[in-house]
Amino acid sequence: MRSRLATLLLVALPALAQAQGLSDCKCDDLREMRDRWCSARAARAEYERIEYFLKEEKARTGKARMFSNADKTMINQKCVQEAINAVSDRGVVKATAVTHENLPVESLFKDECRIEVTREGTACLKQIVQAHEGVHREACLWRNDFVNRGYFATLANLDLGGKIGLHYLGDTKYVMASSEFAFEEAVSYAAEMQFIAAKWKELQQACVTKAFESEVGEPNEVGESIWNNGQVVRDASGKEGRVYKFYDLSNDPCPRRPRKSPSECTLR
């Protein structure tokens with residue numbers, strides 16, 4: 001399944017990038033865009049590491065580790081969240097979205113693989129998370145078609161947890177290995193980086209230089225490395241802050257903090 005899903009996503013990516021131009025992202029959104037790019041880069045790297053770890057595990061044991069809610073929680077909320085927290089700009093708003101798969105009865109009145117923005121943040125961030133979820137939607141629609149064309153054969157090949165998840169919850173992720181789940185997430189974040197980088201080039205031409213500067217009030221917002229290299233400024237009360245510049249995504253470093261220690265991520 002991995003190779004077919006990989007082909008689908010890699011073929012669909014250029015079309016998605018063109019369709020998902022970030023028209024709602026303006027000069028005032030640059031700091032939020034930069035934070036999202038840094039977070040996406042860290043998340044992609046962590047998902048790729050996890051995919052490799054799980055494939056190595058399969059090579060050792062001869063058995064693929066199938067998707068489960070426990071693995072999803074560990075991967076998303078422990079491993080990847082630790083990676084994102086290490087590079088996140090804590091001085092900006094965030095956005096989140098999810099792609100829903102229908103419960104069996106919901107298919108009668110709801111669209112399958114529908115995207116819901118659960119926290120908009122800004123119009124720009126809303127568009128970015130929708131673009132990210134667009135990759136998941138394409139994969140979700142493909143899996144649904146794959147399952148529907150051979151439902152009973154697919155169901156018969158799953159373990160008990162997978163059968164329950166697919167039959168009673170309608171969640172086609174249960175036909176995936178956890179390594180495939182990590183791969184799909186890595187592609188989604190890679191797509192997000194591509195969307196942001198394309199728009200960033202446009203904004204470099206459209207925005208004044210000052211737009212690529214942000215003032216921060218304390219080191220914890222952006223990490224010691226950026227704080228220490230920023231330009232010192234003081235407000236009317238004399239409180240010290242820093243101005244950091246972020247014109248070039250490829251050269252300017254993202255915030256850097258140590259990961260949580262001890263890590264709660266067990267997939268190592």
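The values are calculated or read from the model by the stated rules, or taken from the named source; none is laboratory data. Note that the coordinates shown come from a computational prediction; the quantities given were computed from them, not determined experimentally. FYI the Cβ positions are ideal-geometry reconstructions off the backbone, even for glycines, and counts take in every protein chain you see. In case anyone asks, the SASA skips ligands and DNA or RNA and just uses the protein heavy atoms, side chains included. Shrake-Rupley method; radii C 1.70, N 1.55, O 1.52, S 1.80 Å.
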- Task: Search the stretch 198-213 for residues being modelled with pLDDT of 95 or more and of a type in the set (G, A, S), and hand back the single one that is least open to solvent (accessible area, probe 1.4 Å).
- Result: A211
- Task: Determine which member of the set A153, A186 is closer than 30 Å to E56 by Cα and touching a Phe, Trp or Tyr at 6+ places or on another chain (Cβ under 6 Å).
- Result: A186
- Query: Restricting the search to the stretch 66-78, which residues are closer than 19 Å to H132 by Cα and either open to solvent by less than 20 Å² (accessible area, probe 1.4 Å) or of a type in the set (A, V, I, L, M, F, W, C) (or both)?
  - Reply: I75
- Does E180 satisfy the criteria of being surrounded by 13 or more Cβ atoms within 10 Å (Cβ to Cβ) and touching a strand residue (DSSP E or B) at 6+ places or on another chain (Cβ under 6 Å)? no
- Name every residue in the stretch 80-123 that is outside any helix (DSSP H, G or I), open to solvent by less than 50 Å² (accessible area, probe 1.4 Å) and either acidic (D, E) or in contact with a Gly (Cβ under 6 Å, 6 or more places away or on another chain) (or both), in order of residue number. D89, A95, E101, N102, E112
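Could you please give the count of residues in the stretch 214-234 that are loosely packed, with under 12 Cβ neighbours inside 10 Å and not basic (K, R)? Don't jump to the end; show me each part of the working.
Initial filter on the stretch 214-234 (loosely packed, with under 12 Cβ neighbours inside 10 Å): 228, 231-232, 234.
Filter again for not basic (K, R), leaving 228, 231-232.
Matching residues across the stretch 214-234 total 3.
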- Note on the structure: Result of the Cβ filter at 9 Å on the stretch 201-215, keeping first residues that are under 21 Å from D89 (Cα atoms) and partners that are surrounded by 15 or more Cβ atoms within 10 Å (Cβ to Cβ) and among the polar types (S, T, N, Q), at least 6 apart or interchain, is F212/Q204
- Hand me the list of strands (runs of 3 or more DSSP E) wholly inside the stretch 161-268 holding 3 or more residues that are of a type in the set (D, E, K, R). 240-245
- Task: Can you give me the number of residues within the stretch 80-94 that are without any contact (Cβ under 8 Å) to a residue 60 or more places away in the chain and either in contact with a Lys or Arg (Cβ under 8 Å, 6 or more places away or on another chain) or not β-branched (V, I, T) (or both)?
- Result: 2
- Only unsatisfied item for E185, checking (1) within 29 Å of L267 (Cα to Cα); (2) modelled with pLDDT under 95; (3) among the acidic types (D, E), is (2)
- Within the stretch 113-167, how many residues turn out to be within 29 Å of K94 (Cβ to Cβ), among the basic types (K, R) and either touching a strand residue (DSSP E or B) at 6+ places or on another chain (Cβ under 6 Å) or modelled with pLDDT under 90 (or both)? 4
- Query: What number of residues within the stretch 253-268 are in contact (Cβ under 8 Å) with a residue 24 or more places away in the chain and either more than 21 Å from W227 (Cβ to Cβ) or open to solvent by less than 100 Å² (accessible area, probe 1.4 Å) (or both)?
  - Reply: 11
- Item | One residue from F195, F146 being touching a residue at least 24 places away in the same chain (Cβ under 8 Å), farther than 24 Å from Y52 by Cβ and buried (at least 24 other Cβ atoms within 10 Å of the Cβ) | F195
- Message: Just the residues that are in contact with an Asp or Glu (Cβ under 8 Å, 6 or more places away or on another chain) and either polar (S, T, N, Q) or under 20 Å from E120 (Cβ atoms) (or both), please, taken from the stretch 39-56.
- Response: A40, A43
